[in-house]
Amino acid sequence: MTIQLTHALRAWGTPGFNDALKHEVERLDYAQLPLYRALSVGSHVLEGTLNAMVINTSDATGVIHAKVGMFYRSILTGCACADDPTPVNENNEYCVVRFDIDAATGAAEVELLDE
């Protein structure tokens, strides 16, 4: 799925790039990110809980590569029966993704990394 990271692209090469990328990623629709595939504890991603951390960046032949840590929360949903003893607890989740951003257009692909 292609996403647009135009604010981050405009900030590329400046000291504000990491902050611009972080803020733009945190505002993406969660369906655009591989958060569900990275769940390790819960079964449902809680929206509004994403905190991104830029780990490193590089560029090569018109593509900006950004490795980003994603901190978010999930819940393990039960059957929702009246006698279901499972409490709804929030769980901490973490994954690492790589954004490959086209340096001309800001179009980006995101890939879940095994880290």
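The values are calculated or read from the model by the stated rules, or taken from the named source; none is laboratory data. In this text the structure is predicted, and so the values were computed from the model without any measurement. Neighbour counts run over all protein chains shown; Cβ positions are idealised from the backbone, glycine included. Keep in mind that these areas ignore ligands, DNA and RNA; they rest on the heavy atoms of the full protein, side chains included. Shrake-Rupley method; radii C 1.70, N 1.55, O 1.52, S 1.80 Å.
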Solvent accessible area, Å² - Met53, 1.4 Å probe, full protein context | 90 Å²
Specify the angular offset, from 0 to 90 degrees and rounded to the nearest 10, of the alpha carbon long axis of helix 17-26 from the longest principal axis of the alpha carbons in the chain.
-> 30 degrees
Label corresponding to Rg and Dmax of the Cα atoms in Å when calculated from the structure given, among (i) 16.2, 59; (ii) 12.7, 35; (iii) 12.0, 36 | (i)
In percent, how large is the relative contact order of the chain, given Cα pairs closer than 8 Å and 6 or more residues apart?
-> 28 percent
Exposed-site-free run, longest, the chain (rule: trypsin sites (Lys or Arg not before Pro); DSSP loop; at most 15 other C-beta within 10 Å) = 38-115
Report, by chain and number, residues whose modeled amide H sits under 5 Å from the one on Leu5, excluding near sequence neighbours (fewer than 5 apart, same chain).
-> Ala107, Ala108
Using only alpha carbon pairs under 8 Å that are at least six residues apart, calculate the relative contact order of the stretch 1-47 and give it in whole percent.
-> 29 percent
Extension gain, Thr77 back to Tyr36 (0.36 nm per residue minus Cα-Cα distance, nm) | 13.4 nm
Sulfur and carbon atoms: percent of accessible area, the chain [1.4 Å] | 52 percent
Extension gain Glu115-Asp29, at 0.36 nm per residue separation less the Cα-Cα distance, in nm?
-> 28.7 nm
